[in-house]
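Here the structure is laid out as structure tokens; the discussion comes afterwards.
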Amino acid sequence: MSSVTHLQRSRLPTLPPSSLWSCRRKSPSPALAGSYLVPYWPYLILMIYWIYCMQNVERPKKGEKWPLQKGIKIRVCPTKTSTDVNDSKVRVSYYGSDGTDLLGTSLLYLTNVAISLDVDVFRTGVVTRGVRGKDTWTWGSDGKGAILLVNCDSDRNTSGVTDSQDDGLPNAADIKDMSPMILTAEGPDEIFDDYNVFLTISSSDANRVRVYQKRRYQYVQVLGKSKESYKVKRDNLDEITFYVEGLQFPDVDFPGLVYIDLIFRKDDDKSNIFTEKVVFRVAPWIMTPNTQKPMEVFVCNVKTNKDFVKLLSKYVEKARCPLNMVTHSENRGDQWIQDEVEFGYTEAPHKRFPVVLDSPRNRGLKNFPVSEVLGPDFGYVTREPSDSSTVTTLDSFGNLEVSPPVVADGKHYPLGRILIGDGLSKSDMRMSKVLRDFLHAQQVQCPLYLYSTWLFVGHIDEFMSFVPAPGKKGFRLLLASPRACLELFKKKQREGHGDAVMFEGVGKKTYTIDGILSSKALKQSSELCQEAINQNRQLMKKELGLTEEDIIDIPILYNCDSSGEDAESFFPNMLLGEVHCGTNVIRKPFPQSWWECAV
């Protein structure tokens, strides 16, 4: 009698019997047999146990035999792969009830093979060999589980599509965006003529990943899209490296986990000798706050902002980062680059690169993120509603911000919290559901909704912004304050500056401080807008763990209607959005890796 056993060498000493496949064959014993003897053989571990309770049978004393009883099985666990077919064996000798007369012998020949599928379980950038728990994924600094990047940059061509959308074969640069996965199929080559290894994936996950194997001078897709099963071409290799490519970021219908199964079985047998599963989590898209160091600045060159660009260039030079001018042919007269795109990044232990999120706004800068940003090691992603007529001003990214790292009610947000402008109720105008779903699905920057529809444009960057500051937290919140502005004007009036003129020499109607303070309309607007801002103030104090010392009130006035909505800034100010929405910045990623978060 012969059989094939499976081993995983580095795991054998510690794994319980249920974690290993072994040979278990029924062999008839002689009718009068009452005891048996199983000698120990090199490179084999024999476990003799009661089948009904999985407890090991106590080993008999020296010179004695095991009593032959029902419900006992012998499990064979190899510790070394075979070099030849049937080069291991187990012999069972049967004796009479007194243990002296040899009644018969059963001999089982074994071929031991090592089969395993390994990934970067410990997130070091290197595939981890022979560990447990490859099929589970856990968060935190002590968590385990492999990570997969969405291959959303463009290494393969310049046709304006991401590599994840391209059906062409990957090149060497492209492979570096993928996660390695190593298959071990070690044993006598002849045994694999009758026994085969299969890799399989579910139909849903097949649309979310592709798996490649190198053959000669190219990488061939073996799993993904329409390919849900692959009979591995071993080619007499003990190890084969596969490359796994992510195709889709986490979303409302995809929690981010994908599974790949390994199956080892005989060609003509439907039962599996051994199975194993590995799991990957697809890396999220991550936003960066204004407090992170600038790496690269973008600004649109239009006819009306020459002085702005000239002054901006001086500050960018001082910050020692490149300034990219988006020409008129690229922006088509649209200077609000912050409204069009949001720069973020994605990260795995082996690689990290920036990714631009394209808004559904689609005005003059519509083609800019694909034609000018997407490229090698610079990814692209977008989410747009199926009906473009439903896109509103809240879908522009002046309405999308992220806080610095915060702690609120004892909960840590090491990558900050995404901030989204919203209405007071679900019936009000909102950011498109497809965008909100995407942002929530990333999991690592739990979104917080602020009240912004009191503004005419409705963007949160018109009343708040985070800036770097000395201190333990490292930042302050700049918050618009009509009340602070009126108090400032009253102070200046008391100091004798009531006749000071605003907007002098700029071609607009002029106002004096006395005139502003005597305007009932401005006073009413200020009170209504201050109420809206106060709602956001209290919400951010609670949800972001802020104190009054963390907030700097910026004197600003707004004009609004009698209901306190459609508010517009009365004069230019640092929170009006021109600087923020007129520029966009690629910032340094967070020092903490997202998988270390306690989600």
Expressed as a percent, the portion of alpha-carbon pairs in segment 119-282 spaced more than 24 Å apart is 36 percent
Cross-link reach from LYS473 to lysines, straight Cα distance under 20 Å and at least 8 residues apart if same chain, gives LYS293, LYS411, LYS541, LYS542, LYS588
Listed by chain and number, the aspartates and glutamates with an alpha carbon less than 18 angstrom from that of LYS509, same-chain partners under 8 positions apart left out, are ASP499, GLU568
Expressed to two decimals, segment 188-332 has a Cα Rg over Rh, using the Kirkwood radius, of 1.26
Sorting THR393, VAL444, PHE280 by the position of each Cα along the dipole of the chain (Lys, Arg +1; Asp, Glu -1; all at Cβ), the one nearest the positive end of that ordering is PHE280
Binned at 5 Å from zero, the C-alpha pair distances of segment 400-507 give percents of 2, 9, 14, 16, 15, 14, 10, 8, 6, 4, 1, 0
Mean separation of Cα contacts under 8 Å (at least 6 apart) over the residue count of the chain, i.e. the relative contact order in percent, is 12 percent
Scattering profile of the chain from the Debye formula, Cα beads only, expressed as log10 I(q)/I(0) at q = 0.09, 0.13 Å⁻¹, is -0.81, -1.30
Rounded to two decimals, the Rg over Rh value of segment 243-329 from Cα coordinates and the Kirkwood Rh reads 1.37
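Only Lys, Arg, Asp and Glu count, each charged at its Cβ (+1, +1, -1, -1), so figure out the dipole size of segment 174-220 about its Cα centre, rounded to 20 debye.
440 debye
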Per-residue ellipticity at 222 nm attributable to helices in the chain (runs of n ≥ 4 DSSP H, -39500 (n - 2.57) apiece, nearest 500 deg cm²/dmol) works out to -4000 deg cm²/dmol
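When Rg is the radius of gyration of the Cα atoms in segment 445-530 and Rh is its Kirkwood radius, what does Rg/Rh come to?
1.07
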Which residues qualify? For ALA500, with a placed amide H closer than 5 Å and at least 5 residues away or on another chain, they are ILE513, ASP514
At q = 0.27 Å⁻¹, the log10 of I(q)/I(0) for segment 187-242 from a Debye sum over equal Cα scatterers comes to -1.08
With the convex hull built on the alpha-carbon atoms of segment 503-599, volume per residue in Å³ sits at 179 Å³
Taking the reciprocal of mean 1/r across every pair of different Cα atoms in segment 65-169, the Kirkwood radius in Å is 19.9 Å
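Each reported figure results from applying straightforward, stated rules to the coordinates on display, with no laboratory input. These numbers come from a predicted model, not from an experiment. Methodologically, a virtual Cβ is constructed for each residue, glycine included, from the backbone with ideal geometry; neighbour enumeration extends over all protein chains shown.
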